[in-house]
Amino acid sequence: MKAVVMAGGEGTRLRPLTSNQPKPMVPIVGKPCMEHIIELLRGYGFDDVIVTVAFLPQAIRSYFGDGESLGVNIEYSVEESPLGTAGSVGLAGDKLDETFLVISGDALCDFDLGGLVEFHKQKGAAVTVGLKSVENPLEFGIVVTDEEGRIERFLEKPSWGQVFSDTINTGVYVLEPEVLEHVPTDRPYDFSKELFPLLLEMGRPLYGMAMEGYWQDIGNLDQYRQANFDALDEQVSLNVPGIRLRGNVWLGEGVELDDLDQVEGPALISNYCRVAPGAQVGPYSVLSASVTLLERARTVRSVIDASTHIGRGALVEGAIVGRSCDIRAHARLQEGVALGDEVRVGEESVLMPGVRVYPYKEVESGSQIYESLIWESRTSSRLFERDSVSGLVNVDLTPEMVTRLAVALGTALPRGARVVASREAPAACRMVERAMIAGLNSTGIDVSDLRVLPSAVGRHLLKTHDYAAGFHVGSAAIDPEIVAIRFFEEPGIQLSTAMQKEIEKHFSRGELRRAAGEAVGDVDYPVRARESYAEDLLETLDKEAIRSRGYRIVVDYGYSAASLVLPLVLGTLDVEAVAAHAFASTGSKASAANLRGLIGQTKKLVSAVGADFGVVFDRAGERLYLIDESGHEIPVEQALLLYLRLIGSNGRRGKLAFPVTVTSQVDQIVKGSGLQVIRTPASLSELTKAAAQEGVIFAGAIGGGYVFPDFLPAYDAMASLCKLLELLAPVEQPLSSIVAELPASTLVHRQLPCPWSQKGTVMRVLSERLKGRDLDLLDGIKVNDRRGWAQVLPDPDEPLVHIYAEGRDELASNELESELRHLVEEVLQDEAEISS
């Protein structure tokens, strides 16, 4: 008699185990579930097996082949499109010319198949269904039989109100070939939902036999894990690979195990596993072939697939782990965690209960993961990158994640605090802002929603009104699919590192404040926010000087919302502005616009209209790019020095703040003036924090961002433009000639790949090797000598280090950069050799 094994299941509820393999291939005590089924068939004399395959059929074919290694003859029937259970068997109907058995390849059982066939023959049945009593029949088809076993009624997946029996259809059938004549070939068709009710209505003899023994559908991760545990408890009769020792411990060939006391049964340690001294294999551990446990690692109630590495001190507790995973030292996988194949979990990471990580992903060292990692290629231990929280819309930044982030922010703020919010126009930004507002309201925080306005307007309200924090939602210039949420605190500066860590702590630990119903926060919409910003900016300017100059300029707004605010200022100053690319509420043009293209168009427009100069804003309205009167772009390095030269020639006194990586030409320009340069670490948060200090009149960095703290301690392209108009007003030279007089910077910048795990080592070894040199350790390591300076700075967000160098000429700069780079490369090479 032939048997048909249905092996087309995709197993969506078993993901991530079935993300890259079909459901029948998930391993039960070291073997694919379907292999146990074929061994059961062979034990009852079913030597000819037809396997129906659909999802990833090659995975099954390549493993089982023609069945010779298992002592059976296997043929395959491939569904090109889904045909349902009856349709898939019907497709192989030309090979079924006598009574045959149908069984699922993804349901574990040890039924007496011979007894089922004998019952079928005795009753002269057209169909005999294997039945089983279960505690919870809701997920299965219920079958009611009379005293003789004849089926009276079917009901697929009932509700509790419809449950009239606990006897369910196990998907094990004995069939006569003629019943397949009723299976249509042009659409999907199911045994229990369609074929069997039809045969029952036709009066054909359908019987059910209550089966003794074990049966478990491997429908979800809990059932999958339980099936493995039941096999270890010998509740199901299986051929468990290996030699059985005391206490239900099975050991395969070539196992490296120092002491059997390291294992507490029931447990399976398959072929070629290595359990290092001090490691522990706890009860209900299933280790497939070639799994490694290093010192002090422990597994308990977990199923771990082949070739997985578990590092020192790691704990895998109640988890399911796919093939070839790399779980690093002191990581912890908690109850219900499931990893797909080839997942890397970094050192000291914690995966919280129920988290799923899909195949080929990376969990960064030190991460605490509360939500499943499905689409992302890796997850970071840090929420904030480059002073913002950013990611792909509905992939990294989902409404759930954003709301949780906002609740973490609200928890970090005192009760009764108020937050100001703004955004850019795209619908994705609107969605993210609304999710943020909902999360903040849930913690009892009131939010003032400015809707579409530049972040500078929100920062201005932070400085002038009683707000505790603010945020702005904008799209990234490099990719409109990426949305960035930037956060601010009083008096409009970038969110401090301490506050970032506070938010990350609440987000990762789940320690979130929830307001009672009557204490939920409110939302209001401030009026005259634009006008208030414009009026206060005008108060900081020499309006008469600007008016008397009679400027004509080109302003390319870069589709930013600055075009909703800046005309209120320029109109009062009598500045003739030729505007381009103003704010666009919708449309693909704004999404497709790129900064280089906008600068190119502005260069042409400046020459065409005879403007004094032109400016281009970034999409956020924070950074400013300059074009001189002849239509030439002023490099951002020169633009920073231009502002500095104009401030110095104005006779002003005070402090100037720059990151440590900014050219030392700033020191040369202010020498002998009443200006003092102070250096900050290379982060926007530290720069704006320094700018807010008393006595600071200007701050900036290379990249088009400038800060005038007397108005706002933050990047603001509108204020930067107006201050430039004021500084240029008494200068009679054209802009190009002023720029021509500026010193040329010889600063060079290189990036060097550096693994996360080696950044600390690089900095430690460098500080040791450079001991005795003139070092500045404000941020990274900066080496000063007679030729100039060089600096190595680890990137906080990427696996690389930055190398900056500046000498008295380009040759000296390249020399300094090369020397420091070679030192870093030597350290990395030494570490690589030690690791190997």
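The values are calculated or read from the model by the stated rules, or taken from the named source; none is laboratory data. Model, not experiment: these values are computed from the prediction. All Cβ positions, even for glycine, are placed from backbone atoms using ideal geometry, and neighbour counts span all protein chains on display. The area values use the complete protein model at the heavy-atom level, side chains included, leaving out ligands, DNA and RNA. Shrake-Rupley method; radii C 1.70, N 1.55, O 1.52, S 1.80 Å.
Summary of values
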quantity: Top-ranked residue of region 460-510 - restricted to ones that are in a strand (DSSP E or B) and among the small types (G, A, S), ranked as farthest from S388 (Cα to Cα); calculated: A469
quantity: Pick from region 203-214, criterion open to solvent by 30 Å² or more (accessible area, probe 1.4 Å) and in contact (Cβ under 8 Å) with a residue 12 or more places away in the chain, ranking: nearest to G124 (Cα to Cα); calculated: P205
quantity: Filtered residues of region 87-106 (kept if surrounded by 23 or more Cβ atoms within 10 Å (Cβ to Cβ) and of a type in the set (A, V, I, L, M, F, W, C)); calculated: V89, F100, L101, V102, I103
quantity: Residues of region 460-493 classified as among the β-branched types (V, I, T) and open to solvent by less than 10 Å² (accessible area, probe 1.4 Å), total; calculated: 3
quantity: Hits in region 388-407 (condition: among the aliphatic types (A, V, I, L, M), in contact with a Gly (Cβ under 8 Å, 6 or more places away or on another chain) and either open to solvent by 10 Å² or more (accessible area, probe 1.4 Å) or farther than 19 Å from D449 by Cα (or both)); calculated: L397
quantity: Region 796-808 residues that are without any contact (Cβ under 8 Å) to a residue 24 or more places away in the chain and more than 14 Å from L766 (Cβ to Cβ), paired with ones that are open to solvent by less than 30 Å² (accessible area, probe 1.4 Å) and assigned to a loop (DSSP other than H, G, I, E, B) (beta carbon under 6 Å, 6 or more apart); calculated: none
quantity: Residue in region 591-608 that is at pLDDT below 95 and at positive phi present; calculated: no
quantity: Verdict on K759 being closer than 30 Å to R344 by Cβ, out of contact with any Gly (no Cβ under 8 Å at 6 or more places or on another chain), among the charged types (D, E, K, R) and open to solvent by less than 50 Å² (accessible area, probe 1.4 Å); calculated: yes
quantity: Given (1) free of Cβ contacts under 8 Å to residues at least 24 places away in the same chain; (2) farther than 23 Å from P414 by Cβ, index of the condition R451 fails; calculated: (1)
quantity: Filter pass, V457 being closer than 22 Å to S563 by Cα, open to solvent by less than 40 Å² (accessible area, probe 1.4 Å), at pLDDT 95 or above and part of a helix (DSSP H, G or I); calculated: yes
quantity: Selection from region 331-360 of residues that are free of Cβ contacts under 8 Å to residues at least 40 places away in the same chain, farther than 24 Å from Q226 by Cα and of a type outside the set (G, A, S); calculated: R344, V345, E348, Y360
quantity: Identity of the residue in region 320-330, in contact with a strand residue (DSSP E or B) (Cβ under 8 Å, 6 or more places away or on another chain) and without any contact (Cβ under 8 Å) to a residue 24 or more places away in the chain, that ends up most open to solvent (accessible area, probe 1.4 Å); calculated: D326
quantity: Members of region 1-58 found to be of a type in the set (K, R) and not in a strand (DSSP E or B), listed by number; calculated: R13, R15, K23, R42
quantity: Whichever residue in region 524-565 is in contact with a strand residue (DSSP E or B) (Cβ under 6 Å, 6 or more places away or on another chain) and in a loop (DSSP other than H, G, I, E, B) and, among such residues, is nearest to L595 (Cα to Cα); calculated: G558
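Residues checked against (1) open to solvent by 40 Å² or more (accessible area, probe 1.4 Å); (2) under 30 Å from G416 (Cα atoms):
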| site | (1), (2) |
| --- | --- |
| L495 | no, yes |
| R509 | yes, yes |
| D542 | yes, no |
| R547 | yes, no |
| L568 | yes, no |
